[in-house]
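What follows is a short report on a single structure.
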Amino acid sequence: MSTLESIQARIEALQAKADALIASQSESALQKIHDLMSSHGLTVSDIEQYSGTRKKAGRKSSAKKQSAVAYQDPKTGATWSGRGRAPGWIANAKDRSKFAVGAAAQETKTKGKARAAVKRKGKGQPRGPQPALYRDPQSGATWSGRGRAPNWLASVEDRTPFLIA
């Protein structure tokens with residue numbers, strides 16, 4: 001039966017062997033790199049410039065996102081990124097998810113589900129006639145509160161007496 005001390009001694013010995021192997025491998029790799037650099041006349045600055053590790057002053061990142069194809073016409077194979085004016089083959093489509101391609105297809109499906117789950121009550125002002133909010137006690141005329149105020153209410157500072165409860 002082995003003791004804890006003997007196991008720890010074996011672990012230390014194995015760790016020392018592993019460190020020695022790593023050092024010898026990295027030394028041989030560095031020797032190969034040095035030989036290649038000297039045979040081709042390269043310097044460390046040449047490598048830095050090539051790999052882009054050194055940032056150049058006054059130069060902005062030229063890595064722009066390429067707009068991925070988001071929609072494709074199944075008949076003709078024509079594509080549209082989803083930005084700008086929609087082409088004729090998709091312009092009048094009520095459900096554009098059937099034209100979606102790849103990751104865009106997943107996004108449109110999840111957006112559609114989210115929109116269906118959260119049903120908003122109308123956008124902006126409601127259309128059509130609105131219920132009356134104000135009434136003139138003398139003439140009985142009413143006003144919904146939208147649009148220009150009628151003369152009987154426009155000159156009044158406090159409109160609360162005219163509110164319909």
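Quick notes
- Yes/no for Ala68 being open to solvent by less than 80 Å² (accessible area, probe 1.4 Å) and modelled with pLDDT of 80 or more: no
- Test for Gln49: is it surrounded by 10 or more Cβ atoms within 10 Å (Cβ to Cβ), modelled with pLDDT of 85 or more and part of a helix (DSSP H, G or I): no
- Those helices (runs of 4 or more DSSP H) of the stretch 76-165 in which 2 or more residues are modelled with pLDDT of 85 or more occupy 88-91, 151-154.
- Every test in (1) modelled with pLDDT of 90 or more; (2) surrounded by 10 or more Cβ atoms within 10 Å (Cβ to Cβ); (3) β-branched (Val, Ile, Thr) is passed by Thr3 save one, and that test is (2).
The values are calculated or read from the model by the stated rules, or taken from the named source; none is laboratory data. This is a predicted model, so every value here is computed, not measured. Cβ: placed from backbone, ideal geometry, glycine included. Neighbour counts: every protein chain shown. Side chains are part of the model used for accessible areas, which takes the heavy atoms of the whole protein and leaves out ligands, DNA and RNA. Shrake-Rupley method; radii C 1.70, N 1.55, O 1.52, S 1.80 Å.
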